[in-house]
Amino acid sequence: MNEKKRNFDQAAKTWDSNERRQGLADGVFCAIKDNVAIDKNMRALDFGCGTGLVSLKIQPLVREIVCADSSMGMLEVLQSKIRASDLDNISTLYLPEGELSVISGNYDLIFSSMTLHHINNLEELFLKFGELLAENGYLCLADLDSDDGLFHEDNSGVYHNGFDRSELISLLKKCGFKYLRDLTAVEIEKEIQSGIKRKFTIFLIICRK
Ligand SMILES: C[S@@+](CC[C@H](N)C(=O)[O-])C[C@H]1O[C@@H](n2cnc3c(N)ncnc32)[C@H](O)[C@@H]1O
C-alpha cells in the first residue's frame, strides 16, 4: 500500500492519449454491455469516471448517467467533451475523497473501472453502493486481478495490488450483494522492466442486491 496521493489532476491532461487505457476502457465497456441488459430507462453512475472513457460509451445506451470522481482535473476534461458533443443526459459530480455522502439518488446501473485499487475502505464504498443501487439494478466492478504491484509504474495512491476475485466477492456478499458472475474483461501484456513483459488481467464482477 502506498498512501502518497496520486496527482490525477495533472495526469488528466494527457490521460486520453494513452492507447492502452483506451483499449482497456473499450474492453470493460464491451464486457458490461455483453453481460448486463442495459436499457434506455436506466439511470447509471460511474464511480471514478476519470475523463469518461467508459462513461461516454455507456451514455448513449441509458436515460441518464452521473459521473463521479475525486479529481477536478479529470472532470474538467470530461466536461469539455460533454460540451463539445452537446450531450444532455450526462453530468459530473465532484466527490472529495472520503465524502461518499455527496452521492445520492437511485441507480439502475453502478459501474466502476480501474478505481477500486485507489480506495482504502472498500467495505464503506460497497455499503454506499448498496444504498444507491435500485432493487433490480446491477453493480459492475472492473479492476486488476492480483498484480504484485507491478502494473503501475507509480504506485502512489494505490491501496491494493490488484484483487483476489474470491476475496472481493466475499466482501460484496458481506455488504449485502448477490453475486451473479465474474469474467476476464481485458488481458494486457505490458513491459514491466526493460525487455521483460508480463500479462495482466482485468476482471468484471457483476452483482445485484
Ligand atoms: C485509473 S483512473 C480510471 C479512470 C476511468 N474509470 C477509466 O477507466 O479511464 C482512477 C480514477 O479514480 C479516481 N479516484 C481515485 N480515488 C477516488 C475516490 N476516493 N473517489 C472517487 N474517485 C477516485 C481518480 O481521480 C481517477 O480518475
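The values are calculated or read from the model by the stated rules, or taken from the named source; none is laboratory data. A quick note: this is a predicted structure, and the numbers were derived from the prediction, not measured. All Cβ positions, even for glycine, are placed from backbone atoms using ideal geometry, and neighbour counts span all protein chains on display.
A few comments on the model shown:
- Breaking point among (1) hydrophobic (A, V, I, L, M, F, W, C); (2) without any contact (Cβ under 8 Å) to a residue 60 or more places away in the chain; (3) surrounded by 12 or more Cβ atoms within 10 Å (Cβ to Cβ), for residue 37: (3)
- Within the stretch 91-102, tally of residues that are surrounded by 18 or more Cβ atoms within 10 Å (Cβ to Cβ) and more than 9 Å from the ligand (Cβ to nearest atom): 1
- Within the stretch 82-90, the presence of a residue that is part of a helix (DSSP H, G or I), within 11 Å of the ligand (Cβ to nearest atom) and among the charged types (D, E, K, R) is excluded.
- Scanning the stretch 14-40 for residues that are in a loop (DSSP other than H, G, I, E, B) and either closer than 17 Å to residue 190 by Cα or at pLDDT below 95 (or both) yields a single hit, 18.
- Within the stretch 45-90, the only residue that satisfies the criterion of being at positive phi, free of Cβ contacts under 8 Å to residues at least 40 places away in the same chain and crowded, with 23+ Cβ neighbours inside 10 Å is 52.
- Contact annotation: residue pairs with Cβ atoms under 8 Å, 6 or more positions apart or on different chains, pairing a residue in the stretch 153-177 that is charged (D, E, K, R) with a partner that is part of a helix (DSSP H, G or I) and at pLDDT 95 or above, are 174/123.
- Out of 50, 73, sole residue that is in contact with an Asp or Glu (Cβ under 7 Å, 6 or more places away or on another chain) and not in a loop (DSSP other than H, G, I, E, B): 73
- Residue check for residue 70: of a type in the set (Ser, Thr, Tyr) and more than 9 Å from the ligand (Cβ to nearest atom): no
- Candidate set from the stretch 39-57 (those that are of a type in the set (A, V, I, L, M, F, W, C) and touching a strand residue (DSSP E or B) at 6+ places or on another chain (Cβ under 6 Å)); member that is farthest from residue 11 (Cα to Cα): 42
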